[in-house]
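The values are calculated or read from the model by the stated rules, or taken from the named source; none is laboratory data. Just so you know, these numbers come straight off a predicted model, no measurement behind them. A quick note on method: Cβ atoms are made from the backbone with ideal geometry, for glycine too, and the neighbour counts reach across all protein chains shown. Each accessible area value is taken on the protein alone, full model and side chains, heavy atoms only, with ligands, DNA and RNA left out. Shrake-Rupley method; radii C 1.70, N 1.55, O 1.52, S 1.80 Å.
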Amino acid sequence: MYKVVSCLSVRSAGLTGQICSSPGLAKFHVGNGAVCQKSALKYRPTDLPELPPCNFKPEEYKGMSKERMMEIRRQNCNPMTMKITYYKKPVFIHQGHMQWLWDVDGRRYLDLFAGVATVGVGHCHPKVTAAAEQQMKRLWHTTNIYVYPPLHEYCEKLASYLPDPLKVVYLTNSGSEANDLAMLMARLHTGNFDIITFNGSYHGGSSQTMGLTSNSPYKYPVPTGSGCTNTMCPDVFRGPWGGSHCRDSPVQTTRECSCSQGHCMANEQYLRQLKETFATSVPSRIAAFFAEPIQGMGGAVQYPKNYLKEAYKLVRERGGLCIADEVQTGFGRTGSHFWGFQGHGIVPDMVTMAKGIGNGFPIGAVVTTPEIASSFVKAFHFNTFGGNAMACAVGSSVLDTIKEDGTQQNSLHVGTYLMTELAKLRDKYEIIGDVRGKGLQIGVEMVKDKASRDPLPPEVMSELFEDIKDMGVLIGKGGVYGQTFRVQPPMCITKEDVDFFVAVFNKAIHSYMARK
């Protein structure tokens with residue numbers, strides 16, 4: 001019988017005031033737009049792993065019925081809401097606490113997706129909740145046409161987390177807004193227009209950022225942000241080149257590699273492809289190069305260790321600005337550093353951020369240099385809600401909580417343990433092609449077989465996805481073909497939570513292989 005031995009984390013209990021030793025939340029859409037099918041687990045087997053203990057007691061749900069919610073969802077919500085609804089049998093979320101979610105029936109779930117890598121320090125974290133309540137009693141909202149303490153206190157604090165000369169902050173409401181604004185600022189400053197992004201990238205869903213996004217399910221057949229060119233993503237697992245020590249991850253690919261120490265043939269080949277893009281697809285002068293330190297929606301794709309450092313040099317030689325999209329990798333999620341770009345040994349010209357910046361509260365930001373920021377004052381720009389008092393109070397508390405709780409360090413240690421355990425399953429099962437990531441930004445790429453590396457079909461992904469949910473764990477999906485399970489939980493999870501998830505994941509894969 002699969003059973004996770006209970007060994008409560010003293011650290012977690014001490015930080016949260018509750019003895020909750022595992023993660024919980026999440027749902028979002030699969031990369032290829034497919035809606036998940038009905039679980040094969042018609043009856044709950046008796047040999048399933050047991051949830052780690054948690055003594056937090058959620059409120060009893062007394063709201064509208066599930067049937068009524070779905071009726072409203074179909075009739076009054078935009079049909080896109082139904083299209084992106086996770087699972088054949090949706091999860092009806094009622095309450096959250098740290099790494100846990102409860103549905104309206106009182107069932108508890110371990111959240112390993114955190115509202116799409118957003119809830120960084122934990123659902124309804126007591127410290128962040130207290131800061132929001134305190135600010136709400138004082139001032140909900142005013143705009144940056146006035147001078148009010150929370151805005152300035154937060155901007156100074158946020159800037160202190162970034163290296164020189166990245167010290168000028170403009171606050172927005174979301175990552176799409178931040179990236180949209182970064183596009184504008186790059187073009188204003190350089191006087192150039194063309195911007196380069198990776199295949200498989202996702203940088204937002206606005207009409208402008210849709211041009212940056214190179215992922216078919218998130219693009220509409222209408223004119224979108226022009227002047228955006230995609231280049232080959234240096235994916236050392238799925239791409240044409242890759243080896244056994246290319247990436248900065250505790251787990252490497254199983255591809256054979258004959259490169260000598262300190263030399264990476266894959267890196268050289270992917271840089272050659274970037275140079276080809278410069279030579280054939282854009283003018284001699286460009287505005288910017290956008291890249292996530294680790295691709296998020298693309299499936300936690302990692303690049304060769306020195307790729308971004310060399311790419312930044314090539315971009316700057318052509319007059320372009322280098323923009324790090326830290327919407328998913330920022331705020332300690334990669335574990336080794338507070339920002340993902342620091343793991344690449346680079347300093348961007350601009351950093352965009354959202355999601356974990358507010359632990360679920362709508363806030364985003366663009367941080368850049370004084371010189372670049374000065375180009376932005378050629379006209380007026382106004383954002384009604386960006387940087388309002390509530391957002392700044394929450395954002396400030398999140399920064400404090402990450403430091404006080406040791407969230408970044410926990411992300412490193414627990415994330416490394418999780419990847420190491422998942423790698424054991426990769427070696428056990430033919431359909432697990434790759435395990436990768438840093439900290440708690442993790443991808444598990446599923447394949448038909450390791451030799452071909454062809455993506456596992458959507459219907460199989462959906463079957464596994466549903467079974468994992470039925471056993472009490474919520475994860476995400478991504479990748480160009482929807483072939484990668486995304487694990488990006490609240491960063492307060494523990495090793496006990498990891499043991500539970502690994503047992504669940506093993507059970508789901510084992511059951512599928514037995515049926516197959």
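What to note about this one:
- For segment 50-138, the relative contact order works out to 21 percent when only alpha carbon pairs closer than 8 Å and six or more residues apart are counted.
- Peptides 165-174, 360-369, ordered by how many other C-beta atoms sit within 10 Å of their residues on average, highest first, read 360-369, 165-174.
- By accessible area, using a 1.4 Å probe on protein heavy atoms only, segment 126-405 has 54% of its surface on carbon and sulfur.
- For the chain, the equivalent ellipsoid derived from the alpha-carbon gyration tensor has semi-axes of 34, 29, 21 Å in decreasing order.
- Dipole orientation for segment 126-405: of the candidates Ser160, Gly387, Gly319, Gly319 has the Cα lying most toward the positive pole (charges on Cβ; Lys, Arg +1; Asp, Glu -1).
- Per-residue ³J(HN,Hα) for segment 84-98, Karplus 6.51 cos²θ - 1.76 cosθ + 1.60, θ = phi - 60°, Hz, x for Gly and Pro: 9, 5, 6, 6, 4, 9, x, 8, 9, 6, 10, 8, x, 8, 6
- Beta bridges by DSSP in segment 126-405, antiparallel share as percent, to the nearest 5: 40
- Ranked packing of 93-102, 267-276, 334-343, most packed first, by mean Cβ within 10 Å: 93-102, 334-343, 267-276
- Computed extension length for Trp140-Ser65: 23.8 nm, one decimal, from 0.36 nm per residue of separation with the Cα-Cα distance subtracted.
- Against the rule of thumb 2.2 N^0.38 Å, how large the Cα Rg of segment 151-305 comes out: 1.17
- Between Ser216 and Lys89, the modelled label-to-label distance comes to 3.2 nm, taking each label 7 Å out from Cα in the direction of the beta carbon.
- Sum of -39500 (n - 2.57) over DSSP H runs of 4+, divided by residues of the chain (222 nm, nearest 500): -10500 deg cm²/dmol
- Using the empirical formula 2.2 N^0.38 Å as the baseline, the Cα radius of gyration of segment 126-405 reaches a ratio of 1.02.
- Within the chain, DSSP assigns beta bridges of which about 70% are antiparallel (rounded to the nearest 5).
- Amide H contacts of Val121 (H built 1.01 Å from N, in plane; Pro and chain starts excluded): Met491 sit under 5 Å, all sequence-distant by 5 or more or on other chains.
- Backbone geometry of segment 50-56 corresponds, through the Karplus equation with coefficients 6.51, -1.76 and 1.60 at θ = phi - 60°, to 3J(HN,Hα) couplings of 9, 4, x, x, 8, 9, 6 Hz, x marking Gly and Pro.
- Based on protein heavy atoms only, segment 126-405 ends up with 40 Å² per residue of surface accessible to a 1.4 Å probe.
- Equivalent ellipsoid semi-axes, segment 220-311, via Cα gyration tensor eigenvalues times 5, rooted, Å: 26, 16, 11
- Long-range amide H partners of Ile432 with built H, under 5 Å: Val447
- Using equal-weight Cα scatterers in the Debye expression, the normalised intensity of segment 123-171 in log10 at q = 0.15 Å⁻¹ is -0.54.
- Share of pairwise Cα-Cα distances greater than 16 Å in segment 149-233 is 60 percent (whole percent).
- Per residue convex hull volume, Cα atoms of segment 405-509, in Å³: 85
- With both labels modelled 7 Å from their Cα along Cα-to-Cβ, the Leu188 to Cys259 distance reads 3.9 nm.
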